[in-house]
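One structure below.
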Amino acid sequence: MAKIKKIGVLTSGGDAPGMNAAIRGVTRTAIYNRLKVIGIRHGYEGMIHGLFKELKAHNVSDIIQKGGTILKTARSKAFRTVEGRKQAYEHLKREGIDAVVVIGGDGTIMGARKFSEEYDIPFVGIPGTIDNDIYGTDYTIGYDTALNTVVEAIDKIRDTASSHNRLFFVEVMGADAGFIAYRSGIATGAEAILVPEMKGQVVGLKDYLEKGFKRKKASNIIIVAEGDESGGAFAIAKKVKNDFKDYDVRVSVLGHIQRGGTPSAYDRVTGSLFGHAAVEALLDDQKSVMIGYTDGEISHCTFNKAIKLQKHVDLEKLEIAEILSV
Ligand code: F6P
């Protein structure tokens, strides 16, 4: 592979706390290795439209503690088209960018893989999404901060639930996966956790509430992952309200507060180490790989595997949550 001199870096998909640490990690590691760094703004959209700006070491000062992404982000429909990717390639060539680090979720890695099949510019990926739903890494940037945000919010809801003897359904993000739901459920001592990975949970939930009602269990917090088969917190609350007319039911959808905020120490460290590892991988002539953590160590997973294989919530741990909530 020709020697890399100039690398591009972008963030794409939903923003996640810790992305800035990753941008900083990429930029500083590249500069340390005498490479030029070009920040590509607005994700793949910026690649298509040539929204480039050189990043010097000082441009990434004072960002490690900030949520969101200084490079901005987007979910690009145009990059899913042959024409869009061709335009992106032409812009990269014109700018002299000979390798790219992409930071984002599964859609971002999919885009990188597609581009890598068509063009000869090496891409390396960094998993950044609050959902933690990417195969090939135990952990994605943003997940820890989002979890802590959710836990703080649910602790507050718990105060109201117990003061009023209420049954709360709290909906959390996570797209089609239940990672945020299951860990925040354990952390807050939720009475039940509904995740997309497990089917037919509503029946068990009704049993649980029935028993709780008989022994006069006053308040309950039920966490509902947005992708759960029940159709979300409002839908399940409606069904339950029909069966348990005496319960005082409330719904709280946490929404986008889960995506923002100051990144946790864990997300800052992970973002920094992933950023460093991504540049090292490119310098080591690797391409089409995603950086990750496996058993606490930096690992590399091919784009193909990261996309084709699925990471699942550990259902055994979900059973532990049930035992603990009795
Ligand atoms: O992938 C991150 C995520 O926050 C998901 O949890 C959620 O389903 C989705 O993005 C929301 O996307 P948007 O910000 O486009 O509404």
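If you line up the long axis of helix 315-324 against the longest principal axis of the chain, both from Cα atoms, how many degrees apart are they, to the nearest 10?
Computed tilt is about 40 degrees.
From the phi of every residue in region 47-61, what ³J(HN,Hα) in whole Hz does the Karplus formula 6.51 cos²θ - 1.76 cosθ + 1.60 yield, where θ is phi - 60° and glycine or proline is x?
Each residue of region 47-61 in turn: 5, 5, 9, x, 8, 10, 8, 5, 10, 9, 4, 6, 5, 10, 6 Hz.
Show me 11-20, 98-107 ranked by packing, highest mean number of other Cβ atoms within 10 Å first. Please report the intermediate quantities before stating the final value.
Numbers: 11-20: 29.5, 98-107: 26.1.
For the peptides 11-20, 98-107, the packing ranking is 11-20, 98-107.
At most 10 other C-beta atoms within 10 Å and a DSSP loop state: those are the exposed trypsin sites (Lys or Arg not before Pro) I care about. Give me the longest piece of the chain that has none.
Looking at the chain, 78-198 is the longest stretch - no exposed trypsin sites (Lys or Arg not before Pro) with at most 10 other Cβ atoms within 10 Å.
What is the percent carbon and sulfur in the accessible area of region 244-313, measuring with a 1.4 Å probe over the protein chains and ignoring ligands?
Numbers: 1830 of 3580 Å².
Roughly 51 percent of what the probe reaches on region 244-313 is carbon or sulfur.
In the chain, what % of DSSP beta bridges are antiparallel (nearest 5)? Write out the running numbers ahead of the final one.
On the way: 9 of 41 bridges.
Roughly 20 percent of the DSSP beta bridges within the chain come out antiparallel.
How far, in nm, would the chain grow between PHE213 and LYS241 when pulled straight, counting 0.36 nm per residue and subtracting the alpha carbon separation?
8.8 nm
Between rounded, prolate and oblate, where does region 143-259 land on the alpha carbon gyration tensor, with a ≥ b ≥ c its root eigenvalues, rounded for a/c under 1.5, else prolate if a/b exceeds b/c? Spell out each step's value before the answer.
On the way: a/c = 1.86, a/b = 1.32, b/c = 1.41.
Verdict is oblate for region 143-259.
Using each residue's phi in region 151-159, evaluate 6.51 cos²θ - 1.76 cosθ + 1.60 at θ = phi - 60° and report the 3J(HN,Hα) Karplus result to the nearest Hz, with x for Gly and Pro.
4, 4, 5, 5, 4, 5, 4, 4, 4
Roughly speaking, what is the centre-to-centre gap between region 248-289 and region 107-165 when only Cα atoms are used, to the nearest Å?
That distance is 6 Å.
In percent, what relative contact order does region 143-259 have, based on Cα pairs under 8 Å that are 6 or more apart in sequence? Walk me through the intermediate numbers first.
On the way: 193 pairs, mean separation 45.9, N = 117.
Relative contact order comes out at 39 percent.
When DSSP assigns beta bridges and you keep just the ones with both residues in region 20-160, what percent turn out antiparallel, to the nearest 5?
Just about 35 percent of them are antiparallel.
Distance check, please: which entries in LYS56/LYS305; LYS217/LYS239; LYS86/LYS287; LYS216/LYS317; LYS93/LYS311; LYS287/LYS317 exceed 25 angstrom between their Cα atoms?
LYS56/LYS305; LYS216/LYS317; LYS93/LYS311; LYS287/LYS317, as the Cα separations exceed 25 Å there.
Return the sequence-ordered ³J(HN,Hα) values of region 177-190 in whole Hz as given by the Karplus equation 6.51 cos²θ - 1.76 cosθ + 1.60 applied to θ = phi - 60°, using x for Gly and Pro.
10, x, 4, 5, 4, 5, 6, 5, x, 5, 5, 9, x, 4
Considering amide H positions built from the backbone, and no H for Pro or chain starts, which residues 5 or more places from LYS311, or on another chain, come under 5 Å of its amide H?
TYR135
Would you mind telling me the share, in percent, of accessible area of region 135-223 contributed by carbon and sulfur at probe 1.4 angstrom?
50 percent
With a ≥ b ≥ c taken as the square roots of the eigenvalues of the C-alpha gyration tensor of region 75-118, please select rounded if a/c is under 1.5 and otherwise prolate if a/b is larger than b/c or oblate if it is not? Don't jump to the answer; show the numbers that get you there.
On the way: a/c = 1.88, a/b = 1.29, b/c = 1.46.
Judged from the Cα gyration tensor, region 75-118 comes out oblate (a/c at least 1.5, b/c at or above a/b).
Net charge around ALA306, counting only other residues with Cβ within less than 9 Å of its Cβ (Lys, Arg = +1; Asp, Glu = -1)?
Summing Lys and Arg as +1 and Asp and Glu as -1 gives +2.
Taking amide H positions as placed 1.01 Å from N in the peptide plane, with prolines and chain starts having none, which residues 5 or more places from GLU171, or on another chain, fall under 5 Å of its amide H?
Correct list: VAL224, SER252, VAL253, LEU254.
Before anything else, pin down the relative contact order of the chain: Cα pairs under 8 Å, at least 6 apart, normalised by residue count, whole percent.
This gives 25 percent for the chain.
The values are calculated or read from the model by the stated rules, or taken from the named source; none is laboratory data. From a predicted model like this one, the values you see are computed outputs, not experimental measurements. FYI the Cβ positions are ideal-geometry reconstructions off the backbone, even for glycines, and counts take in every protein chain you see. Protein only, heavy atoms only, side chains kept; ligands, DNA and RNA dropped before computing areas. Shrake-Rupley method; radii C 1.70, N 1.55, O 1.52, S 1.80 Å.
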